[in-house]
Amino acid sequence: MNVAVVDLGLGNLGSVLQALVRAGADPQLSDDPAAIARAPRIVLPGVAAFGLGMERAARFKSALQDALARGAPVLGICLGMQILFEEGEEDGKREGLGLFPGRVTKLPAGVAIPHIGWQRLKSVSESPLWPSGWAYFAHSYRCEAPAEVTRAIVEHGPVRIAAVVGRGTLHGVQYHPEKSARDGEALLRRFLAMPEGRR
Amino acid sequence: MLTRRIIPCLDVKDGRVVKGVNFAALRDAGDPLEQARAYGAAGADEVCFLDISASLEARGTLVQLVERVARELAIPFAVGGGVRSAAEAEALLRAGADKVSMNTAALSDPSLITAVAQMAGSQSAMVAIDAKARGPGWEVRSHGGTRSTGRDLIDWLREAVDRGAGEILLTSIDHDGTRRGFALEMLRVATAAVPVPVIASGGAGEAEHFAEAFAAGAAAALAASVFHFGSLSIGEVKEQCAARGFPMRWPA
């Protein structure tokens, strides 16, 4: 096992696991906080909605903090990225894991919602994930991420969407690399090539 | 800016493709996964599986197929055709479908849309609508377009979106199979009525038709036979649409 996938019991776990296998990994699904705290790398996949996601994810908060303290790379995907933030407004105000600063809010009226489809990522600051190329999005909420953690964006009409965020070894992608053909697989490979956390 | 999507549709019966593309490299042209992969390699942005099996046993086969496709396909896919209940939709989503498309069952019980949207998010709750021109406007038809519902298209569109539909697959019964182009007036009115993406379906015959659908407001366009019988390639369609100024994921 070189990457643990947090089992939140919902969402497209199979696709994420299999995309990691295609990218050369040996992933293991885990719902054990102790195992996640010790894992070499961690992926937090997306689930249905912020409230439900947080209900399932809250018990992994200290495990994720321990893993980050050891320098283990962590990647949140779609809702798995959103719950890394401080607060979400889907299903009423809900507290997030608070590992990134900022709130998760509904895309403003006037643009197509949900934001569904492919866009080319625009890199705005350096990231070891080197986000580039085509990305497949499917979401109605966005992370209002401050500039200092925003690594790549896309523009949906006049709305700027944080597509990739990162700070230290903590990373999040709003899109679905597991559904983003070659460029998605390349990003997963770069995540998997990051040094493991200390034991 | 979002690129406009090209979506080939595969008809599946008892776990096998009924109409499929004749890619020479395919070992098993009846295998939905091989077909979907070939379309992915050819530049499809997404694939739609339409299950036309009648029996209940075949629904189990469909879930197994979805599991296989989810493991192997690196682009998104939707599954539809005869989804009758929230439990069935859930089984397909759990098996790894990115989207479940609901049609007749949503008309008879619209709360199905809300149940799926709450379970998986609006982006996974697709409502398929078959519509036919009548007097002024269009009428929604059910049961594969065979039964009249009396419902006005725009009225049903708005209700479906209010109930949580995140995407609409809109098929023109009048244009379907004619290859004379998509139903542009219907697309213009429908896309102006709701904020969610609308996928145009029914009538594709030439590459130019896709560009016309995008000009009418469609976020994506779906076709089956023009791709299956090789009269058009996805690359050809994308090049033509890009030349007309629509952003496309090309080269993919």
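Over chain A, what is the mean sequence separation of C-alpha contacts under 8 Å (at least six apart), divided by residue count, expressed as relative contact order in percent?
It rounds to 21 percent for chain A.
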Flagged links, alpha-carbon separation over 22 Å, of B:13/B:132; A:179/B:13; B:13/B:99; A:93/A:122: B:13/B:132; A:179/B:13; A:93/A:122
Rounded accessible area of residue A:134 (nearest 10 Å², 1.4 Å probe): 30
Extended-chain gain in nm, criterion 0.36 nm per residue less alpha-carbon gap, residue A:111 and residue A:125: 2.5 nm
Positive-end residue, region B:5-243 charge dipole about Cα centroid, Cβ charges, pick of B:216, B:186, B:93: B:93
Cut-off under 5 Å, modelled amide H: who pairs with residue B:223 long-range: B:7, B:9
Area accessible to solvent at residue A:121, 1.4 Å probe radius, in Å²: 20
Probe 1.4 Å - accessible area at residue A:31, Å² to nearest ten: 90
Interface size A-B, as summed buried accessible area [1.4 Å probe, Å², nearest 100]: 2400
Test item: Cα-centred dipole of the protein assembly as shown, Lys/Arg +1 and Asp/Glu -1 on Cβ, debye: 720
Helix-derived mean residue ellipticity, 222 nm - over chain B, DSSP H n ≥ 4, -39500 (n - 2.57), to 500: -10500 deg cm²/dmol
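With both partners inside the protein assembly as shown, how many of the DSSP beta bridges are antiparallel, as a percent to the nearest 5?
40
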Neighbour-limited loop hits for trypsin sites (Lys or Arg not before Pro), region A:47-119 (at most 12 other Cβ within 10 Å; DSSP other than H, G, I, E, B): A:93
Inter-label distance for residue A:182 and residue A:132, nm, one decimal - labels placed 7 Å from Cα along Cα-to-Cβ: 1.3
Calculated [θ] (222 nm, deg cm²/dmol) that DSSP helices of n ≥ 4 give over chain A, each run adding -39,500 (n - 2.57): -6500 deg cm²/dmol
Centroid-to-centroid separation of region A:68-82 and region B:128-201 [C-alpha atoms, Å]: 41
Sequence of A:90, B:206 when ordered by accessible area, the most exposed leading, probe 1.4 angstrom: B:206, A:90
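Between rounded, prolate and oblate, where does region B:5-243 land on the alpha carbon gyration tensor, with a ≥ b ≥ c its root eigenvalues, rounded for a/c under 1.5, else prolate if a/b exceeds b/c? Write out the running numbers ahead of the final one.
On the way: a/c = 1.61, a/b = 1.08, b/c = 1.50.
The shape class here is oblate.
Give the calculated FRET efficiency between residue A:95 and residue B:215 to the nearest 0.05, with a Förster radius of 56 Å applied to their Cβ-Cβ distance.
Working: r = 45 Å, r/R0 = 0.80.
With a Förster radius of 56 Å, E is 0.80.
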Of A:15, B:156, B:195, farthest towards positive along the dipole that unit charges on Lys, Arg, Asp, Glu beta carbons give the protein assembly as shown: A:15
Mean Cα-pair separation over length for region B:5-243, i.e. relative contact order, pairs under 8 Å, 6 or more apart, %: 16
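State to the nearest 20 debye the size of the charge dipole of region B:5-243 about its Cα centre, where the only charges are +1 on K and R beta carbons and -1 on D and E beta carbons. Each step should come with its number before you reach the end.
Numbers: 23 positive and 30 negative charges, 44 e Å.
The calculation lands at about 220 debye.
The values are calculated or read from the model by the stated rules, or taken from the named source; none is laboratory data. Source: prediction; values computed, not measured. Don't worry about glycine lacking a Cβ; one is built from the backbone with ideal geometry, like all the others, and counts go over all protein chains shown. The accessibility values were calculated without ligands, DNA or RNA, using every heavy atom of the protein model including side chains. Shrake-Rupley method; radii C 1.70, N 1.55, O 1.52, S 1.80 Å.
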